[in-house]
Amino acid sequence: MEKTPLKLFKKKHQLDTKALHIPASPALHRLGFGTGIAVYLLNRKGAIKNSPWAVKKTLKMKMNDKIYSKRLHYEADILRKLSHKNIVGFRAYEQSNDGRFNLCMEAMTISLGDLLEKRFEEKLGPLEVNKIYILGLDISKALNYLHFEQLLLHGDMKSFNILIKGDFVICKLCDFGVSIKIKKDGYIDFDADPKAHYTGTDLWSAPEVFEEEPELISTKSEIFSFGLVFYECLALCPPHTLEMVAKKSLDFDNLEEENNKENVNENSNCDEDDEEEEEPLYGSRPIFPSDLKLSEEYNDIMHIFYTCTEDDPDARPDAQKLENIFNELCVIVLE
């Protein structure tokens, strides 16, 4: 794969940055927000092809919080070094008059997470098989590039960090603020960074992430999270949220009964049962909606979901194998 020489790449974007003017946040259309940051759409009038950019910046209320600015610096440093069609493109990085930094990237249409939320609200049902195949191929290519060429864990694989252009013209991975260096064997490289810490998001995290043994976390942990993205495409909700809703409903139904129970011994330890540890929802294979009905054309996706979310990391496929699988599936669809 041809890559833009790094010196030429940096020089190109330095030229862009000098002429760049980012309006104040109120003058921009907000695309979304996360912990401590917001993303805005910048329409570049007069720019080449007038292509819009997505601008990520720290929230004003968080601008003095070093953790968010440090994360943005880190993400900019990583993005400018990456060159892959399925990873959101770096455009510029500059400081505004108010002191906040702006990370400028290519603009996409929508995040997968937002798209699936809309499908749920409009009762459109599971994402079409051909679109899941495109998603699977594009993101497995991105993960293959990260895991085997760049030796990086994305660090927070989930639907909201996957961007879609148009009607699945292309899918790209974004948000590299918590990426981690890995060794060739796929495990975290603590020699490169002794303080390396896997962040992730609990709902999408693999079981080994909760073992409090960071040396167990590897590229296969990211594959588990990717498997839960396929779950979202079918269930149209984040993983484990159905269990949470069911538990809250059960608690509500039992509330009156619990309140009416006779207190036999006021001085007894009535909280003993409450203190018992509940079986964790996270780090497991989530349940599907009871009313979900899938045709046979989804069988391959279900198989991939189950293999990606095996408890044993060694039983999960790697990104290279997933790319090969989705290549074959996409060929079949095109025939």
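What the table below lists for this structure:
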read-out	value
Qualifying residue in the stretch 184-198 (condition: part of a helix (DSSP H, G or I) and at pLDDT 95 or above)	no
The stretch 107-131 residues that are surrounded by 14 or more Cβ atoms within 10 Å (Cβ to Cβ), paired with ones that are assigned to a loop (DSSP other than H, G, I, E, B) and polar (S, T, N, Q) (beta carbon under 8 Å, 6 or more apart)	Ala107/Ser51
Residue in the stretch 221-237 that is in a loop (DSSP other than H, G, I, E, B), under 17 Å from the mean Cα position of the chain (by Cα) and either within 29 Å of Lys321 (Cα to Cα) or at pLDDT 95 or above (or both) present	yes
Residue, nearest to Trp53 (Cα to Cα), within the stretch 159-183, restricted to residues that are among the β-branched types (Val, Ile, Thr) and assigned to a loop (DSSP other than H, G, I, E, B)	Val169
Selection count where residues are touching a Pro at 6+ places or on another chain (Cβ under 9 Å) and closer than 23 Å to Lys141 by Cα, scope the stretch 302-323	5
Top-ranked residue of the stretch 65-77 - restricted to ones that are surrounded by fewer than 18 Cβ atoms within 10 Å (Cβ to Cβ) and of a type outside the set (Asp, Glu), ranked as farthest from Asn161 (Cα to Cα)	Lys66
Of all residues in the stretch 45-64 being surrounded by fewer than 16 Cβ atoms within 10 Å (Cβ to Cβ) and of a type in the set (D, E, K, R), the one that is modelled with the lowest pLDDT	Lys49
In the stretch 29-44, the residues that are loosely packed, with under 15 Cβ neighbours inside 10 Å and modelled with pLDDT of 80 or more	Leu41
Cross-chain or 6+ apart pairs with Cβ under 9 Å, the stretch 87-106 first and touching a residue at least 40 places away in the same chain (Cβ under 8 Å) and farther than 30 Å from Gly136 by Cβ, then part of a loop (DSSP other than H, G, I, E, B) and of a type in the set (S, T, N, Q)	Asn102/Ser96
Residues of the stretch 189-207 satisfying the condition of being touching a strand residue (DSSP E or B) at 6+ places or on another chain (Cβ under 8 Å) and of a type in the set (Asp, Glu)	Asp189, Asp193
Test: residue in the stretch 127-144 that is of a type in the set (Phe, Trp, Tyr) and under 16 Å from the mean Cα position of the chain (by Cα)	no
The stretch 101-131: number of residues that are farther than 17 Å from Leu31 by Cβ, outside any helix (DSSP H, G or I) and not hydrophobic (A, V, I, L, M, F, W, C)	5
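Rundown of residues vs (1) at pLDDT below 95; (2) crowded, with 17+ Cβ neighbours inside 10 Å; (3) hydroxyl-bearing (Ser, Thr, Tyr); (4) assigned by TED's automatic domain parsing to the domain that holds Lys123, yes/no style:
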| residue | (1), (2), (3), (4) |
| --- | --- |
| Lys172 | no, yes, no, yes |
| Ser179 | no, yes, yes, yes |
| Ser205 | no, yes, yes, yes |
| Glu213 | yes, no, no, yes |
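The values are calculated or read from the model by the stated rules, or taken from the named source; none is laboratory data. Note that the structure is predicted; figures quoted are calculated from it, not measured. We place every Cβ from the backbone using ideal geometry, glycine too, and count neighbours over all the protein chains shown.
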